[in-house]
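Student: Here's a structure for you.
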Amino acid sequence: MHPKGEARRTMKIGIIGAGNIGGNLTRRLTALGHDVSVANSRGPQTLTALAEETGATPVTVGEAARGAEIVVVTIPVKAVPQLPSGLFDGAAEGLAVIDTGNYYPQRDGRIAGIEDDGLTESRWAEQHLGHPVIKAFNGTYAQDILDHHRPAGAPDRMALPVAGDDEAAKRKVRDLIEELGFDTVDAGGLDESWRQQPGTPVYGLRAGVDDVTEALAKASPERGPDFRG
């Protein structure tokens with residue numbers, strides 16, 4: 001949180017994926033004054049309209065993390081292994097990587113590491129990315145990023161769960177989410193992030209801290225039939 005009267009610090013943020021979540025995070029983060037680079041699988045020439053609207057810099061996927069303090073990976077789970085190696089080599093020290101992904105077998109195909117080996121979706125993604133990740137925004141409606149941000153203390157301010165093992169990176173991500181206009185709930189380490197995967201009580205929940213905390217506690221690690229390949 002930023003103490004009253006303290007200026008926000010501008011950060012360099014990379015966003016990989018310009019779909020609904022990636023596009024709306026680009027819109028809000030640039031509006032807050034951050035230096036945003038955005039990439040997608042089709043190339044920077046396809047991001048001209050978003051860049052003109054927001055002032056973000058369209059880049060290739062390989063350039064998205066250059067100098068970044070935070071990188072948001074918001075692509076289909078099946079596409080994570082296709083990202084270039086060394087993706088984060090040019091990032092700033094202390095980089096925090098946010099994984100917003102969800103495993104949908106109907107879209108992604110059956111992933112044995114998740115279904116047979118019992119890895120959480122973000123642990124599987126982390127292994128392919130080669131960098132610790134923080135799981136956030138995976139159960140957030142994209143439109144809420146634009147429409148449901150509220151000032152701290154507002155009675156209808158929503159809370160988002162955040163899971164990860166790197167406490168410094170998690171704090172950085174939680175601070176950013178709070179700057180975006182949402183409270184956060186620490187959902188534990190990455191191996192506990194099944195509590196916020198699709199089909200759990202917190203997934204898609206529009207609620208405050210107490211209800212989000214309760215929903216996380218009610219989650220079952222059993223993957224429902226709709227989320228098995």
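The values are calculated or read from the model by the stated rules, or taken from the named source; none is laboratory data. Keep in mind that this is a model prediction, so the values were computed, not measured. For neighbour counting, all protein chains shown are included, and Cβ atoms are generated from backbone atoms with ideal geometry for every residue, glycine included. The protein model used for the area step is the full one, side chains on, heavy atoms only, and it has no ligands, DNA or RNA in it. Shrake-Rupley method; radii C 1.70, N 1.55, O 1.52, S 1.80 Å.
Student: Given Ala168, Leu190, Phe227, which one lies farthest toward the positive end of the charge dipole of the range 151-229, if we put +1 on the Cβ of every Lys and Arg and -1 on the Cβ of every Asp and Glu?
Tutor: Of the candidates, Phe227 comes out farthest on the positive side.
Student: Scanning the chain for GluC sites (Glu not before Pro) in DSSP loops with at most 11 other Cβ atoms within 10 Å, what's the longest stretch left with none?
Tutor: Numbers: sites that count: Glu6, Glu93, Glu222.
Value returned for the longest uninterrupted segment is 94-221.
Student: Could you state the accessible area per residue of the chain in Å², with a 1.4 Å probe and every protein chain left in place? Intermediate results must be reported in sequence, preceding the final value.
Tutor: On the way: 10380 Å² over 229 residues.
Heavy-atom accessible area per residue stands at 45 Å².
Student: Along each of the three principal axes of the Cα atoms of the range 97-197, give the extent in whole Å, ordering the values from largest to smallest.
Tutor: 43, 30, 19
Student: Right, here's the next one. Using a/c under 1.5 as the rounded threshold, could you call the range 2-111 rounded, prolate or oblate? The axes a ≥ b ≥ c are square roots of the C-alpha gyration tensor eigenvalues, and prolate needs a/b larger than b/c, oblate otherwise. If you can, show how the numbers build up before the last one.
Tutor: On the way: a/c = 1.67, a/b = 1.53, b/c = 1.10.
It comes out prolate by the Cα gyration axes.
Student: Right, next: Over the Cα atoms of the chain, what Rg and Dmax result, in angstrom?
Tutor: Cα only, the chain: 16.7, 51 Å (Rg, Dmax).
Student: Across every pair of different alpha-carbon atoms, what Kirkwood hydrodynamic radius in Å does the range 50-130 reach?
Tutor: Numbers: mean 1/r = 0.0718 Å⁻¹.
In the range 50-130 this quantity evaluates to 13.9 Å.
Student: Let me ask something additional. Which is farthest toward the positive dipole end of the chain among Gly62, Pro44, His148, measuring Cα position about the Cα centre, with Cβ charges +1 (Lys, Arg) and -1 (Asp, Glu)?
Tutor: Value: Pro44.
Student: Continuing with the same structure: Give the cross-link partners of Lys135 among the lysines, using a straight C-alpha distance below 27 Å as the criterion and excluding same-chain residues fewer than 8 apart.
Tutor: Lys135 reaches Lys12, Lys78, Lys170, Lys172, Lys218.
Student: Quick one: pull the percent of accessible area on the chain belonging to carbon and sulfur, 1.4 Å probe, ligands and nucleic acids left out.
Tutor: On the chain, the fraction of accessible area on carbon and sulfur atoms equals 48 percent.
Student: Grab the DSSP H runs of the chain that are 4 residues or longer, score each as -39,500 (n - 2.57), total them, divide by all residues and round the 222 nm result to the nearest 500 deg cm²/dmol. Could the numbers behind the result be given before it?
Tutor: Working: 8 runs with 66 residues, N = 229.
The helix-only estimate for the chain comes to -8000 deg cm²/dmol at 222 nm.
Student: Something else now. Suppose every Lys and Arg Cβ carries +1 and every Asp and Glu Cβ carries -1, with no other charges. What dipole size does the chain come out with about its Cα centre, to the nearest 20 debye? Provide the component values of the computation, followed by the final result.
Tutor: Numbers: 24 positive and 33 negative charges, 91 e Å.
Result for the chain is approximately 440 debye, rounded to the nearest 20.
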